[in-house]
Every structure is written in C-alpha cells, then in structure tokens.
Amino acid sequence: MLFRSDQAHNLVLINANLAQIREHQGKLGEAARLLDQAIEIAERVSGEAHPRSEERRVGKECRSRWSPDH
C-alpha cells in the first residue's frame, strides 16, 4: 500500500514526465515542418518538383501528429 506522500511524489514525477514529453513533441513537430519546407525549396531550386506521392503525403500527416497543435 502506498502512503499519501508516495502517491503525491509519483504524481509529481508523472507530471514532470508529461511536461518533458510535450516539450519534445513540440520540437519534433517543428523539425518536421522545417524538413518539409527544406524539401519543397530544394525541389523548386533543382527544378525537380514532382507531385507529392501518396507515401510522402502519409508521412507528412504522421509527422504532423507530433505537433503540439494537433
């Protein structure tokens, strides 16, 4: 049986871990957006702009789920 102080300590640790997870999700979401922008710029500069493939579109949707706005 956990004592109240143990339960409170566990809740503090859980909240701290959740805060770290949210921070990392935000960083991953921003990195995904920057990567997509860089790819689009590189395609325009190289003249190799192709319509987005289904695989790339799905990948972008998956990466956007890491965004804190999602």
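Any read-out appearing in this document is the output of simple, stated calculations on the displayed coordinates, not a laboratory observation. Just so you know, these numbers come straight off a predicted model, no measurement behind them. Please note: Cβ atoms are built from the backbone with ideal geometry, for glycine as well, and neighbour counts cover all protein chains shown.
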Note to self: Suppose every Lys and Arg Cβ carries +1 and every Asp and Glu Cβ carries -1, with no other charges. What dipole size does region 1-45 come out with about its Cα centre, to the nearest 20 debye?
What the structure shows: 180 debye
Checklist line | region 32-38 - phi-based ³J(HN,Hα) in whole Hz, Karplus 6.51/-1.76/1.60, Gly and Pro as x | finding: 5, 5, 5, 4, 4, 5, 5
